[in-house]
Amino acid sequence: MAITIFAAIRLRDTYVGDAAVYLPYARNAGDGHPFQFNLGEFSSGSTSPLWSLILGVPFLAGFELMGAKAMAALFAAIGFLTTLLAARHFSRSWAAAGVAALFALGTMTFPAVSLYESGLVVTLSALALLAGDHVLGAWRATDAPRAPAWRTLAPLVAVWAALPLARPDAVILVGAHALALLAFAPVERRRALRTLAPGLAVAALPALAYFGYSVAELDTFSTSSQARTFALREGARDWLGPLFLEDGAVRELFASPWIFGLLPALAGLWLLWRRAETRWAAAYGALAVVGYVLLLTFVAPGIYDTPRYLLPLVPVVACGVAVLLARPAQPLLAWAALGLAALAIGGSAADELRDNVRLARSIGIDRDEVFERDVVARIDALAEPGDAVLAYEVQLRYFLRQDVKVFSQDGITDPRVAAYREDKDMTGYLMRYRPEFWIADRNAQTRQYTDGTILERALVAYRHSPRPAVRVFDGIRFELVARRNRPLALGFGGWEFLFRLSYPPPRGGRSHLPSQ
């Protein structure tokens with residue numbers, strides 16, 4: 001707990017670009033405009049809609065950025081504690097649970113205190129284990145098993161409802177959880193189904209409402225998930241038509257620090273399987289691991305950020321490790337096992353967290369850099385109310401005037417570019433939506449969907465020479481109005497040029513702008 005708080009303090013002035021996208025949503029939620037990126041527009045660009053609301057609480061209270069950082073640290077601590085409680089529940093040993101929970105320190109803590117939804121999803125994953133065992137325990141507690149009362153089912157239903165809103169991929173956990181409970185309920189299968197199915201239906205309502213509204217408004221259940229899946233698939237190899245193949249998830253699971261938790265966890269899951277009352281937890285854990293490996297291998301291939309995508313598995317791993325460590329009956333052997341595990345799990349966790357914190361602090365991703373406040377100030381001075389800015393690093397929305405819209409270059413926060421990505425038709429995109437400004441950065445050259453497009457050609461041309469300041473590409477006029485005058489931060493696609501864009505008359509008019 002002390003290390004978690006220390007890491008949060010060390011990273012209080014450091015921001016990760018993707019995680020910072022939550023902050024405009026959180027501020028707007030605190031102001032009474034939930035699920036809005038640009039004011040007045042619904043947006044499903046927040047990977048975790050539930051997390052955007054939770055982060056909105058400190059904004060509601062007036063604490064803003066530092067309040068959001070504190071809330072993230074709080075959920076990192078809660079994620080650790082609930083993982084500890086789940087491991088203690090299944091291992092019946094505080095010592096074993098304490099060592100096993102160290103696994104969360106090397107996997108969850110850094111992204112959690114960096115403002116990702118990691119602490120929330122790990123918390124819910126751990127609570128799912130506790131709530132599931134609570135329901136089965138209530139079933140076993142009666143001589144003639146009957147359906148648990150709704151007050152017994154309520155925590156389970158609440159966790160099921162929250163998981164997909166914490167991370168859409170966490171529907172894997174809900175499905176695995178429901179199947180395991182149904183298969184190993186201590187009652188006849190049909191009776192168990194009559195109890196669990198209504199609970200599952202009620203739990204599905206909030207997610208159906210949010211994602212269904214997104215489909216109706218934006219023609220996709222989540223612009224964030226759609227854009228991130230597209231980005232992951234860009235670097236994957238095709239396999240059997242619509243499926244993809246990438247071994248990132250498997251490689252991550254068998255590399256440090258995951259390897260120090262996964263292998264003993266598998267042995268611990270086997271021990272859980274051998275106990276009739278915990279067999280459901282072993283089945284749930286196995287289904288969850290297989291589900292995430294399949295997701296990150298074939299559907300949304302894990303190429304980058306794979307460790308963060310695997311975080312819902314952390315409580316499962318911790319429980320398996322704790323059960324294994326609690327197994328030895330001989331005191332000397334038990335303490336030797338705990339000591340070795342503490343060195344392996346705790347040592348690798350501490351190394352991973354230390355390296356991540358040091359790296360994040362050393363590469364210059366502070367508030368001014370990540371939110372690109374210098375170029376935002378230029379836009380604030382130049383833009384008219386209602387103007388739009390095309391940007392890749394959309395978290396700059398936080399300090400930008402609210403009457404200026406931000407269009408996402410890769411479609412994270414709005415779906416405008418989705419119809420143009422497959423055909424690499426960024427000229428068509430610009431002609432259709434006509435943003436008045438474009439913030440150019442290296443992502444116009446590194447992403448495959450911009451390869452050879454008007455955005456890459458403009459970036460390369462101005463990198464080669466900033467003169468002349470006005471050039472025309474595909475009939476669109478690019479006017480250079482600002483150029484970066486400081487070094488780029490490492491590991492961040494900081495802005496390089498700010499352009500004002502002008503377009504030919506709408507279809508039916510004539511353009512006098514030659515192409516070059």
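The values are calculated or read from the model by the stated rules, or taken from the named source; none is laboratory data. Predicted model, so just to flag it, every value in this text is computed and none were measured. Ideal geometry is used to build each Cβ from the backbone, glycine not excepted, and the neighbour counts take in all protein chains shown. Ligands, DNA and RNA are excluded from the accessible area calculation, which covers all protein heavy atoms including side chains. Shrake-Rupley method; radii C 1.70, N 1.55, O 1.52, S 1.80 Å.
Note down the relative contact order for the chain as a percent, whole number, built from C-alpha pairs under 8 angstrom at least six residues apart.
It comes to 17 percent, rounded to a whole number.
Of the peptides 175-183, 21-29, how do they stack up when ordered by the mean number of other Cβ atoms within 10 Å, highest first?
Packing proxy ranking, top to bottom: 21-29, 175-183.
Between 0 and 90 degrees, rounded to the nearest ten: what's the tilt of helix 331-341 against the longest Cα principal axis of the chain?
Result, in degrees: 10.
If you bin every alpha carbon distance in segment 10-74 into 10 Å steps from zero, what whole percent lands in each bin?
24, 57, 18, 1
Could you tell me what fraction of 2.2 N^0.38 Å the Cα radius of gyration of segment 320-438 comes to, as a two-decimal ratio?
Here the Cα radius of gyration is 1.86 times the empirical estimate.
So how exposed is residue 10, as accessible area in Å² (1.4 Å probe, rounded to 10)?
The accessible area comes out at roughly 90 Å².
Report, largest value first, the span of the C-alpha coordinates of segment 393-516 along each principal axis, in whole Å.
Sorted largest first, the three principal extents are 44, 34, 31 Å.
Give me the net charge of residue 9's neighbourhood, meaning all other residues with Cβ under 13 Å from the Cβ of residue 9; Lys, Arg count +1, Asp, Glu -1.
+3
Using the beta-carbon distance between residue 463 and residue 382 and R0 = 22 Å, what value does 1/(1 + (r/R0)^6) give for FRET efficiency, to the nearest 0.05?
Computed FRET efficiency for residue 463 and residue 382 comes out at 0.50.
How long are the three semi-axes of the equivalent ellipsoid for segment 263-370, computed from the Cα gyration tensor as the root of 5 times each eigenvalue, in whole Å, largest first?
Rounded to whole Å, the semi-axes are 32, 22, 9.
For Rg and Dmax of the Cα atoms in Å, pick the label among (i) 29.7, 94; (ii) 25.0, 88; (iii) 28.0, 109 that corresponds to the value derived from the coordinates.
Computed from the coordinates, Rg and Dmax of the Cα atoms in Å corresponds to (ii).
At 1.4 Å probe size, put 486, 467 in order of accessible surface, largest to smallest.
Listed by decreasing accessible area, they come as 467, 486.
So what is the accessible area of the chain per residue, in Å², with the probe set to 1.4 Å?
Dividing the accessible area of the chain by its residue count gives 42 Å².
Once you have the Cα-Cα distance between residue 336 and residue 250, take 0.36 nm times their residue separation minus that, and quote the gain in nm to one decimal.
So the extension gain works out to 28.0 nm.
When the convex hull of the Cα atoms of segment 1-141 is projected onto a plane and the area is averaged over all directions, what value comes out in nm²?
That works out to 9.9 nm².
Name the long-range amide H neighbours of residue 37: under 5 Å, sequence gap of 5 or more, or other chain; modelled H, no Pro or chain starts.
43
Would you please give the residues with an amide H less than 5 Å from that of residue 413, counting only those at least 5 places away or on a separate chain, with H modeled from the backbone geometry?
Long-range HN contacts for residue 413: 408.
Mind pulling the angle between the C-alpha long axis of helix 189-218 and the longest principal axis of the chain? Nearest 10 degrees, somewhere in 0 to 90.
Compared with the principal axis, the helix lies near 10 degrees.
Tell me, what ³J(HN,Hα) does each residue in segment 6-19 have, in order and in whole Hz, if you take phi through Karplus 6.51 cos²θ - 1.76 cosθ + 1.60 with θ = phi - 60° and put x for Gly and Pro?
Working through the residues one at a time gives 4, 4, 5, 5, 5, 9, 5, 10, 10, 10, 9, x, 4, 5 Hz.
Can you order the peptides 339-350, 374-385, 95-106 by their average number of other Cβ atoms within 10 Å per residue, highest first?
95-106, 339-350, 374-385
Ignoring ligands, DNA and RNA, how do 359, 200 rank by accessible area with a 1.4 Å probe, largest first?
Greatest to least solvent exposure: 359, 200.
Assigning unit charges at the beta carbon (Lys, Arg +1; Asp, Glu -1) and nothing else, what dipole magnitude in debye, to the nearest 20, does the chain show about its Cα centre?
Rounded to the nearest 20 debye, it is 720 debye.
Protein chains only, probe 1.4 Å: how do 412, 3 rank by accessible area, largest first?
Heavy-atom accessible area, descending, gives 3, 412.
Working from the pairwise distances between different alpha carbons, so that the mean of 1/r is found and then inverted, what is segment 36-105's Kirkwood radius in Å?
Computed over segment 36-105, the radius equals 14.3 Å.
Compactness ratio of segment 118-186: Cα Rg over 2.2 N^0.38 Å, N = residue count?
1.13
Rank by packing, highest mean first: peptides 67-77, 207-217, 120-130, 449-459, with packing defined as the count of other Cβ atoms within 10 Å averaged across residues.
Put in order of decreasing packing, that is 120-130, 67-77, 449-459, 207-217.
Just to check I understand the Karplus step: with θ = phi - 60° and J = 6.51 cos²θ - 1.76 cosθ + 1.60, what whole-Hz values come out for segment 313-325, glycine and proline as x?
Running phi through 6.51 cos²θ - 1.76 cosθ + 1.60 with θ = phi - 60° gives 7, 4, x, 4, 4, 4, 5, x, 4, 5, 4, 5, 5 Hz.
What's the local net charge at residue 257, with K and R +1, D and E -1, over the other residues with C-beta under 15 Å away?
-1
What are the ³J(HN,Hα) values, in whole Hz, obtained from phi via the Karplus relation 6.51 cos²θ - 1.76 cosθ + 1.60 with θ = phi - 60°, for each residue of segment 116-128 in sequence order, with x given for Gly and Pro?
These are the phi-based 3J(HN,Hα) values: 5, 7, 4, x, 5, 6, 5, 4, 5, 5, 5, 5, 4 Hz.
Please report the net charge: other residues with Cβ closer than 10 Å to the Cβ of residue 282, K and R +1, D and E -1.
Once positives and negatives cancel, what remains is +3.
Cα axis of helix 373-382 to longest principal axis of the chain: angle in degrees, 0 to 90, nearest 10?
The two axes meet at around 40 degrees.
At q = 0.28 Å⁻¹, what base-10 log of I(q)/I(0) does the Debye formula yield for segment 420-480 when every alpha carbon is treated as an equal point scatterer in vacuo?
Each listed q corresponds, in turn, to -1.41.
In whole percent, how big is the carbon plus sulfur part of the accessible area of segment 443-490, probe 1.4 Å, protein atoms only?
That fraction is 52 percent.
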